[in-house]
Amino acid sequence: MTDKTMTPEDVVARLRSGMTLGIGGWGSRRKPMALVRALLRSPVTDLTVVSYGGPDVGLLAAAGRVRRLVAPFATLDSIPLEPHFRAARETGAFALTEIDEAMFMWGLHAAANRLPFLPVRAGLGSDVMRVNPQLRTVTSPYEDGETFVAVPALRMDAALVHLNRADRLGNAQYLGPDPYFDDLFCEAADSAYVSCERLVEPGGFADAVPQTLLVQRHSVTGVVEAPNGAHFTSCVPDYGRDEPFQKLYATTPWEDFAVRFLSGPDEKSYQSAVQAWHEEVR
């Protein structure tokens, strides 16, 4: 069995401008931020981003890397609307496909199962259909004759997710309260990269509750050990959201934030800059 360990730079080297990129997690929870920051250090741009949006979307939008966003929302959770997403969207910096949360989930399911679409009731009778005129409806071929929205598959070239634990083979485990559909992101993409808080030896999940073993190696291309790699989002139970730093991110002009925290050569420089800031304000 193959050792799939990589560095963030190895992962980004496999990405290309113009790709459709899925990013797991939810809002400001368990986002693969170390991989997103590595992406910002690269020249990759013109992305179609598929995400339950959080600061991943805000960072990439503010940096001008997004051509289109497919998302049901973009939030920092404790701050309802992602401010850098909002600023970029208000200037028309990228196109937006906004769909219902359930439609988004079934789009992932369709892609994971290699189906062109799945029929759902979500979206009927709402403005989702008005703002997405490309959406189509289908009629049940059975006696009920019911009409459904035909949600297209959210197929991706690559996906990035972050989990609590992983092994070198590509199996990964979440330890928090919610899987956030990370398994679907991996299965719906042509290639998938998992960052984790800590690598464990193969077989190191022996005592795990089975349902926590979310991501299986068959759907994973590479694994990155990235302690604190979801910062500043939460990755419970390893750590909660860094609320003071998130507030700083949300209230600081993008250029100033990027110069202080994102201009270094690697993830270590980011983590050091964050630690220095916390010591200043302590």
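The values are calculated or read from the model by the stated rules, or taken from the named source; none is laboratory data. Predicted, not measured: the structure shown is a model, and the values here were computed from it. Cβ: placed from backbone, ideal geometry, glycine included. Neighbour counts: every protein chain shown.
Just one of the numbered conditions (1) within 30 Å of Arg198 (Cβ to Cβ); (2) in a helix (DSSP H, G or I); (3) among the small types (Gly, Ala, Ser) is not true of Ser78: (2).
When Asp100 is tested against (1) more than 19 Å from Arg68 (Cβ to Cβ); (2) within 22 Å of the chain's Cα centre (by Cα); (3) of a type in the set (Asp, Glu), only condition (1) is not met.
Residue-level check: of (1) within 14 Å of the chain's Cα centre (by Cα); (2) within 23 Å of Thr7 (Cα to Cα); (3) free of Cβ contacts under 8 Å to residues at least 40 places away in the same chain, Ala74 misses just (2).
Mind listing whichever residues of segment 7-26 are assigned to a loop (DSSP other than H, G, I, E, B) and in contact with a helix residue (DSSP H, G or I) (Cβ under 9 Å, 6 or more places away or on another chain)?
Going through segment 7-26, the residues assigned to a loop (DSSP other than H, G, I, E, B) turn out to be 7, 14-19, 24-25.
If the condition is that a residue be assigned to a loop (DSSP other than H, G, I, E, B) and in contact with a helix residue (DSSP H, G or I) (Cβ under 9 Å, 6 or more places away or on another chain), then Thr7, Leu15, Gly24, Gly25 are the ones that fit.
For Val57, state whether it is within 14 Å of Ala158 (Cβ to Cβ) and under 11 Å from the mean Cα position of the chain (by Cα). Considered against the rule, which asks whether it is within 14 Å of Ala158 (Cβ to Cβ) and under 11 Å from the mean Cα position of the chain (by Cα), Val57 comes out as no.
Of the residues making up segment 228-274, those that are part of a helix (DSSP H, G or I), surrounded by 11 or more Cβ atoms within 10 Å (Cβ to Cβ) and polar (S, T, N, Q) number 4.
Identify all residues within segment 199-210 that are assigned to a strand (DSSP E or B) and without any contact (Cβ under 8 Å) to a residue 40 or more places away in the chain; write none if there are none. Spell out how you get there, then give the answer.
Going through segment 199-210, the residues assigned to a strand (DSSP E or B) turn out to be 199-200.
Answer for segment 199-210, where residues must be assigned to a strand (DSSP E or B) and without any contact (Cβ under 8 Å) to a residue 40 or more places away in the chain: just Val200.
If we scan segment 197-205, do we find a residue that is out of contact with any Lys or Arg (no Cβ under 6 Å at 6 or more places or on another chain), crowded, with 22+ Cβ neighbours inside 10 Å and modelled with pLDDT of 95 or more? For segment 197-205, residues out of contact with any Lys or Arg (no Cβ under 6 Å at 6 or more places or on another chain), crowded, with 22+ Cβ neighbours inside 10 Å and modelled with pLDDT of 95 or more: absent.
Condition check ((1) surrounded by fewer than 13 Cβ atoms within 10 Å (Cβ to Cβ); (2) among the acidic types (Asp, Glu); (3) assigned by TED's automatic domain parsing to the domain that holds Met19) across all residues:
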site: Val70; (1), (2), (3): no, no, yes
site: Pro80; (1), (2), (3): yes, no, yes
site: Arg89; (1), (2), (3): no, no, yes
site: Phe104; (1), (2), (3): no, no, no
site: Leu108; (1), (2), (3): no, no, no
site: Ala112; (1), (2), (3): no, no, no
site: Val128; (1), (2), (3): no, no, no
site: Val131; (1), (2), (3): yes, no, no
site: Gln134; (1), (2), (3): yes, no, no
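Condition first: more than 19 Å from the chain's Cα centre (by Cα) and surrounded by fewer than 22 Cβ atoms within 10 Å (Cβ to Cβ). Now tell me which residues in segment 153-169 satisfy that. Selection gives Arg168, Leu169. Annotation: of all residues in segment 132-189 being part of a strand (DSSP E or B) and of a type in the set (Ser, Thr, Tyr), the one that is nearest to Arg217 (Cα to Cα) is Thr137.
Looking at Arg168, Arg198, Arg282, Arg241, which is the one that is farther than 20 Å from Val11 by Cβ, charged (D, E, K, R) and in contact with a strand residue (DSSP E or B) (Cβ under 8 Å, 6 or more places away or on another chain)?
Arg241
Remark: Leu35 falls outside the filter, which requires a residue to be part of a loop (DSSP other than H, G, I, E, B), within 22 Å of Cys235 (Cβ to Cβ) and touching a residue at least 60 places away in the same chain (Cβ under 8 Å). Residues of segment 170-190 that are in contact with an Asp or Glu (Cβ under 8 Å, 6 or more places away or on another chain) and surrounded by fewer than 18 Cβ atoms within 10 Å (Cβ to Cβ): Leu175, Asp190.
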